[in-house]
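These notes concern the structure reproduced below.
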Amino acid sequence: MRTGLAVLVYVGMMVVVLAGTPGLAATPRPPMEGPPPMEERSDDAQHGWVAELGERPGRPEWGPLAILEDQAALCEPAVAASRDKVTTERRRAALLLGLLGMAEGVPALETLRQDADREVRMQAGVSLCLLGEDSGLPAARVALGYAPAWLRYYAVAGLWRVGGRRAEEALQNARPHLSRFLQDCVEQALAAPWEPVAEGVEVVADRAHAPADRADLWGQVADALISECDWWWHKGNYDQCIRCLEASLVFDPQNVEGYSNIGWLQWSMGRHGEAISTYRRAIAANPLSWDAADELANYYRMQKRYLLAEKYYAQAARLGSPPIQRRAWGHVLEILGRYDEARQVWQQILQLDPNDPIARRQLERLAGEQ
């Protein structure tokens, strides 16, 4: 599915590949200078059960939406996945059982808390805390110091849910070492301890269907987290968007669009090192995807790092990038003054699409270049 965020990113990136060469009428430009300011956001697009979850009584402003809570159709398949021999499957199951928030998942999580894999143990502990089980506190405390940022967020939420002196001390001790976003979450968590939701005011998400297979199970979870991302997007909270998308990638690491959205948000907020790391993760997880290589190439082009852009456009072409996306490669080669190579690219594009007007125009233009 394409998110509202993804549409903006996609439209912006297409401006780059459809544009001409510098000095001509159509000048390439970056897609956006960054996301529109938060105060310009509108909630008009938010409706139905997702918006209701956002207004759920007892949910703090910093807290996650109960996007998967009480989805009984997913619980038994998640428990079954927790017994899988594949470590990745057990890790996914541990996260899902925490997001479901159902007591039926506690025995499986207690077993996973003793798993041979460290990441599975951390995730199981965090999820136990999300269910209010203080047995997960030691692992959640470890996660606060060593886990990826998105899982640290859930550790904060889990420790807030457990409450008590030990949980508060864990949050206080970890706070100086966290990102500003997570520090703000900790401050709000400590300022307003968790309280049970009053009876009769529960808001439940749309019912999930019984998954046909394991792929369907993980697909439903990834889509739910992307729905939560859309809600935060309209709220203008980009750190939360990143957290949701990162969690969705646990269940669907082949979703190149998810990485590109994260990377776009990161560099838009000036976090270029993180963005490059995200684009590289996309390539590592999808080594045969032209789209993953093309996304990193587009980033480098917008940062005017043309040698690196050319490298990844070439990689994308070897993996089968379409003619329209391949145009940017030709433009970059021209910027670098490598006109013979640029001609070859424009000729490649015409072989793929004999009617491509940009390729024809650029070849005519290069006819006079030495």
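The values are calculated or read from the model by the stated rules, or taken from the named source; none is laboratory data. None of the values given here were measured: they were computed from a predicted structure. A quick note on method: Cβ atoms are made from the backbone with ideal geometry, for glycine too, and the neighbour counts reach across all protein chains shown. Only protein heavy atoms, including side chains, enter the accessible area calculation; ligands, DNA and RNA are left aside. Shrake-Rupley method; radii C 1.70, N 1.55, O 1.52, S 1.80 Å.
Once you place label points 7 Å from the Cα toward the Cβ at residue 277 and residue 114, how far apart are they in nm?
It is 3.4 nm.
What's the FRET efficiency of residue 339 with residue 319 using the Cβ-Cβ distance as r and R₀ = 25 Å, to the nearest 0.05? Walk me through the intermediate numbers first.
Numbers: r = 25 Å, r/R0 = 0.98.
Given R0 = 25 Å and the Cβ-Cβ separation, E is 0.55.
Rounded, prolate or oblate: which fits the range 187-276 when a ≥ b ≥ c are the square roots of the eigenvalues of the alpha-carbon gyration tensor, with rounded for a/c under 1.5 and prolate only if a/b beats b/c? Walk me through the intermediate numbers first.
On the way: a/c = 2.50, a/b = 1.13, b/c = 2.20.
Oblate, because a/c is 1.5 or more while a/b does not exceed b/c.
Computing the accessible area with a 1.4 Å probe over protein heavy atoms, can you report the carbon and sulfur percentage for the range 129-241?
On the range 129-241, the fraction of accessible area on carbon and sulfur atoms equals 49 percent.
For residue 284 and residue 103, compute 0.36 nm times the residue count separating them, minus their Cα-Cα distance, and round to one decimal in nm.
So the chain would gain 61.5 nm between residue 284 and residue 103.
So if I take the centroid of the Cα atoms in the range 341-370 and the same for the range 131-180, what is the distance between those two points in Å?
56 Å
Relative to the present Cα-Cα distance, how much length would full extension add between residue 216 and residue 347 at 0.36 nm per residue of separation?
That pair, residue 216 and residue 347, stretches by 42.9 nm at full extension.
Over all distinct Cα pairs, what is the inverse of the mean 1/r for the range 79-212, reported as the Kirkwood hydrodynamic radius in Å?
15.2 Å
Sequence neighbours fewer than 8 away in the same chain don't count; with that in mind, list the aspartates and glutamates whose C-alpha is under 20 Å from residue 85.
By straight Cα distance, residue 85 reaches 76, 110, 115, 117, 119, 213, 216, 252.
With r as the distance between the Cβ atoms of residue 87 and residue 190 and R0 = 41 Å, compute the FRET efficiency 1/(1 + (r/R0)^6) and round to 0.05. Each step should come with its number before you reach the end.
Values: r = 34 Å, r/R0 = 0.83.
So, using R0 = 41 Å, E works out to roughly 0.75.
At what distance in angstrom do the alpha carbon centres of the range 68-96 and the range 282-301 lie from each other?
Between the Cα centres of the range 68-96 and the range 282-301 lies a distance of 30 Å.
Which FRET efficiency value, to the nearest 0.05, is calculated for residue 209 and residue 49 with the Förster distance at 22 angstrom and r the Cβ-Cβ distance?
After rounding to 0.05, the efficiency reads 0.90.
How far apart, in nm, are the 7 Å Cα→Cβ label points at residue 135 and residue 165?
Placing both labels 7 Å beyond Cα along the Cβ direction yields 2.4 nm.
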